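The values are calculated or read from the model by the stated rules, or taken from the named source; none is laboratory data. Everything quoted here is computed from the prediction, not taken from an experiment. For neighbour counting, all protein chains shown are included, and Cβ atoms are generated from backbone atoms with ideal geometry for every residue, glycine included.
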Amino acid sequence: MRGAYCYRRRVPPSFHTTACRPRNQVLPTMSENSKFVQSQDSIFGLDITKEKCGWFGDRTPLVLGAKNDKQSLKRLKQKCHLGLPPHLRCAVWISSVARAANPQLPVTETDAYGTIGNKKSIESRWEFALNAVFPNPADRDDAVAPDLGLTQEVLNQLIHNDYPIPEEGAKQLTLVLCALQQVVGIEYSPTIPDIATLLLTHMPASYAYATIREMINDTSQFIPVSQKEYYSWCKSYEFYVQKQSSAHYKVMESCGALKPEGLDPIFKRFFTSMLKRKDVLHFMDIYLVEGCKAYFRLALSLIKLISKKELKALTLTDSESWWNEIRKKTFHPDFTLAKHLALMYPKAGKVVKLYPNRKMLRRALKYHEKWAADNMPIYVDETPPKPMGYIISDDKPITLAKPTIFRSNLAKWLPVSLKTTKLDLIYSTEIHGRSLAAFYNQCNRYKNTIVLIEAIVGSTTATIGMFASHAWNVNPASYGDGECFLFRVDPDPKCFNWTPDFSGIDDFESQAIREQYMVAKSDFLAMGANAEGTNGIRLDQDFINGESYSALGFDNEPLPGLDRNKFDIGVVEAYRLIREVDGSVVGEEEKVWDLNGL
């Protein structure tokens, strides 16, 4: 999926308006504005030392001594092949990507991306993205990172084992990935988690986000950002391996190393398991200038490390065994990417050129999209959904709905039409007292409510609840509909949706019990029922004692846990739903008649 929108309008970094400038603020001089920002390690928090560099200055222009834009780009590529000084990677990386993704812009403008003068613009866009994703800043601390097709298992391995990443670094990575998914609209791009991690080793989260946003301006230039594009990359790589060396193709094809799932070390993990860390960073210097052309050159040149003679002696069982043979070469003390560049970029006339240029590669990627559309599997996003937000109010402090994972599960369980809503506390035992009458008084105006209950059994506590499809009012008969559901958010989160009877047997008594969705009496509150006269969840009128049994239609287990049918009630909270798009209350005008006393 391509980005939901990509901003293309560029504001000159030196632009300031007096209307937005605080009184007595001293603005940077033009000379200060043109200075490059210094690299910053946002993953490990390590210091990045400044090195002397003869071909990059500390301010624009990015490339010294170039007569025109074409010569500037040529020199930039040459210097990136030598490796960038770490303290300038932040500035050069984002400026290089801006130059490649926006060829219509003059070099003077793309060079300015990495300057101090553009820092405020980048940070303000980042803050806008964070506010869009996390209306409640507290949610940033325990947000769950989307895997973007990498799978949650591999993403956790990346964070906790491969690097590993400290807690603060993991938080910065999570924020970047959440913003890319929910603001930019990227759903499937498994290469991004590793790329974002590498960017964050030399830049703040705001710059990593801005850099990747520029990378997706032209998807075939840098990374695939949809499942179809990703599988097209894999098929195109297979095509060029076969074209380059039939011997390597036969061996790789026989062990499954050319299948999309067999190419994970290349296209999902961005070579991070194939090269030493310093070599991966050196490749980033080149890749962020040259794009996918460099990506395919490295991927195709790595297989040449195994000679045809060595191929004959190999005994391979699967794709991983093939890549392990490559790793033996790349992790050898004598291997460096600097030496390997001679194989990636052979001199004209010395070695037959088998690597595709950018035009050929674009054509191949486009051609193989049809194959990708016909052969890619159905993608199921494993990432927990965006948690529901909540209204922050000093006079209505919430307790049970604070944990992000609770609200993430609620967002997953709600009907589709209500997923983009946030919670607003309307009843709490801590504020309104332990009274069923007070509960009805606070909830009788809102069609959809979520009730959270702290269920205490001995020394154990569970947070359980129910979603009501109609307003809570005292009624002589049960009411509601099949949108009601029961749930437990902690421990072992589970949702129990109502299902109709598909047996085809006309059992009117059983059907009547099954359709007791909501039961609202003056002396108790319940949802769901069974033939024994108990309920899926039932609270007494003083909110002191509760019980939970399996209910017909909901087929739930006792919500506090197995063999924990009766419980003491701690805190009870009820929430109405507020639409995020316009702030309107869901179902406020759709009331159920109060039939109390009839």
Inset, instruction - Would you be able to tell me the number of residues in the stretch 139-151 that are crowded, with 18+ Cβ neighbours inside 10 Å and in a helix (DSSP H, G or I)? - result: 1
Inset, instruction - Give just the number: which of (1) over 25 Å from PHE44 (Cα atoms); (2) crowded, with 20+ Cβ neighbours inside 10 Å; (3) of a type outside the set (D, E, K, R); (4) in contact with a helix residue (DSSP H, G or I) (Cβ under 6 Å, 6 or more places away or on another chain) does LEU200 not satisfy? - result: (1)
Inset, instruction - Return yes when ALA342 is modelled with pLDDT of 95 or more, outside any loop (DSSP other than H, G, I, E, B) and of a type in the set (Gly, Ala, Ser) and no when it is not. - result: no
Legend entry - Close pairs (6 angstrom Cβ cut-off, 6 or more residues apart or separate chains): farther than 15 Å from GLY528 by Cα in the stretch 467-490, among the basic types (Lys, Arg) and assigned to a loop (DSSP other than H, G, I, E, B) anywhere: ALA471/LYS447; ALA471/LYS591
Inset, instruction - Would you point out which residue out of PHE239, PHE270 is surrounded by fewer than 21 Cβ atoms within 10 Å (Cβ to Cβ) and in contact (Cβ under 8 Å) with a residue 12 or more places away in the chain? - result: PHE239
Inset, instruction - Return only the number of the condition from (1) closer than 17 Å to ASP264 by Cβ; (2) without any contact (Cβ under 8 Å) to a residue 40 or more places away in the chain that THR174 does not satisfy. - result: (1)
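Select from the stretch 467-523 the residues that are among the charged types (D, E, K, R) and more than 30 Å from PRO403 (Cβ to Cβ) and list them in ascending order.
Here is the first cut: in the stretch 467-523, the residues among the charged types (D, E, K, R) are 481, 483, 488, 490, 492, 494, 501, 506-507, 509, 514-515, 521, 523.
Of everything in the stretch 467-523, those that are among the charged types (D, E, K, R) and more than 30 Å from PRO403 (Cβ to Cβ) turn out to be ASP501, ASP506, ASP507, GLU509, ARG514, GLU515, LYS521, ASP523.
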Inset, instruction - Read through the list (1) β-branched (Val, Ile, Thr); (2) part of a helix (DSSP H, G or I); (3) surrounded by fewer than 18 Cβ atoms within 10 Å (Cβ to Cβ), then give the number of the only condition that VAL380 fails. - result: (2)
Inset, instruction - Specify the residue that is modelled with the lowest pLDDT; the eligible residues are those in the stretch 571-596 that are within 31 Å of the chain's Cα centre (by Cα) and in a strand (DSSP E or B). - result: ARG579
Inset, instruction - Using the structure shown, decide if ALA401 is modelled with pLDDT of 90 or more, within 21 Å of MET466 (Cα to Cα), over 16 Å from the mean Cα position of the chain (by Cα) and surrounded by 17 or more Cβ atoms within 10 Å (Cβ to Cβ). - result: yes
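Only one residue in ASN156, ASN217, ASN161, ASN136 is surrounded by fewer than 20 Cβ atoms within 10 Å (Cβ to Cβ), among the polar types (S, T, N, Q) and over 30 Å from ILE378 (Cα atoms). Which one? It would help to see each step written out before you state the result.
Details: ASN156 fails: over 30 Å from ILE378 (Cα atoms); ASN217 fails: over 30 Å from ILE378 (Cα atoms); ASN161 fails: over 30 Å from ILE378 (Cα atoms).
Within the list ASN156, ASN217, ASN161, ASN136, the selection yields ASN136.
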Inset, instruction - Test ASN545 against the stated conditions and say whether it is under 26 Å from GLY389 (Cβ atoms), surrounded by fewer than 20 Cβ atoms within 10 Å (Cβ to Cβ) and polar (S, T, N, Q). - result: no
Legend entry - Index of the failed condition, LEU305 passing every other in (1) surrounded by 20 or more Cβ atoms within 10 Å (Cβ to Cβ); (2) touching a Phe, Trp or Tyr at 6+ places or on another chain (Cβ under 9 Å): (1)
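If a residue has to be assigned to a loop (DSSP other than H, G, I, E, B), surrounded by 15 or more Cβ atoms within 10 Å (Cβ to Cβ) and either aliphatic (A, V, I, L, M) or under 22 Å from the mean Cα position of the chain (by Cα) (or both) to count, how many in the stretch 383-398 make the cut?
Step one: filter the stretch 383-398 for residues assigned to a loop (DSSP other than H, G, I, E, B), giving 383-388, 391-398.
Add one more test, that the residue is surrounded by 15 or more Cβ atoms within 10 Å (Cβ to Cβ), and what stays is 383-388, 391, 396, 398.
Remaining after also requiring either aliphatic (A, V, I, L, M) or under 22 Å from the mean Cα position of the chain (by Cα) (or both): 383-388, 391, 398.
Residues in the stretch 383-398 being assigned to a loop (DSSP other than H, G, I, E, B), surrounded by 15 or more Cβ atoms within 10 Å (Cβ to Cβ) and either aliphatic (A, V, I, L, M) or under 22 Å from the mean Cα position of the chain (by Cα) (or both): 8 in total.
Considering THR174, THR108, which residue is at pLDDT 95 or above, out of contact with any helix residue (DSSP H, G or I) (no Cβ under 6 Å at 6 or more places or on another chain), part of a helix (DSSP H, G or I) and of a type outside the set (A, V, I, L, M, F, W, C)?
Matching residue, one of THR174, THR108: THR174.
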Inset, instruction - Test LEU275 against the criterion of being more than 30 Å from HIS202 (Cβ to Cβ), among the hydrophobic types (A, V, I, L, M, F, W, C) and not in a helix (DSSP H, G or I), and give yes or no. - result: no
Legend entry - Per-region count, the stretch 328-339, residues in a helix (DSSP H, G or I) and either surrounded by 15 or more Cβ atoms within 10 Å (Cβ to Cβ) or among the polar types (S, T, N, Q) (or both): 3
Inset, instruction - Pull up the stretch 57-90, narrow it to residues that are of a type in the set (A, V, I, L, M, F, W, C) and outside any helix (DSSP H, G or I), then point me to the one that is nearest to the chain's Cα centre (by Cα). - result: LEU84
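Kindly check whether there is at least one residue in the stretch 205-226 that is more than 19 Å from ARG362 (Cβ to Cβ) and without any contact (Cβ under 8 Å) to a residue 60 or more places away in the chain. Working first, answer last.
As a first pass, look at the stretch 205-226 and keep what is more than 19 Å from ARG362 (Cβ to Cβ): 205-213.
From what is left, the residues that are without any contact (Cβ under 8 Å) to a residue 60 or more places away in the chain are 212.
Among the residues of the stretch 205-226, at least one is more than 19 Å from ARG362 (Cβ to Cβ) and without any contact (Cβ under 8 Å) to a residue 60 or more places away in the chain, which makes the answer yes.
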Legend entry - Residues satisfying the stated conditions in the stretch 430-482, i.e. buried (at least 18 other Cβ atoms within 10 Å of the Cβ), small (Gly, Ala, Ser) and closer than 23 Å to VAL585 by Cβ: GLY465, ALA468, SER469, ALA471, GLY480
Inset, instruction - Sort through ALA471, ALA455, ALA411, ALA437 and tell me the only one that's at negative phi, out of contact with any His (no Cβ under 7 Å at 6 or more places or on another chain) and assigned to a strand (DSSP E or B). - result: ALA455
Inset, instruction - Would you mind finding the one in PHE524, PHE508, PHE485 that is of a type in the set (Phe, Trp, Tyr) and within 41 Å of the chain's Cα centre (by Cα)? - result: PHE485
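Here's the yes/no breakdown for (1) small (Gly, Ala, Ser); (2) under 39 Å from the mean Cα position of the chain (by Cα):
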{"residue": "ALA512", "(1), (2)": "yes, no"}
{"residue": "GLN516", "(1), (2)": "no, no"}
{"residue": "THR534", "(1), (2)": "no, no"}
{"residue": "ASN545", "(1), (2)": "no, no"}
{"residue": "TYR549", "(1), (2)": "no, yes"}
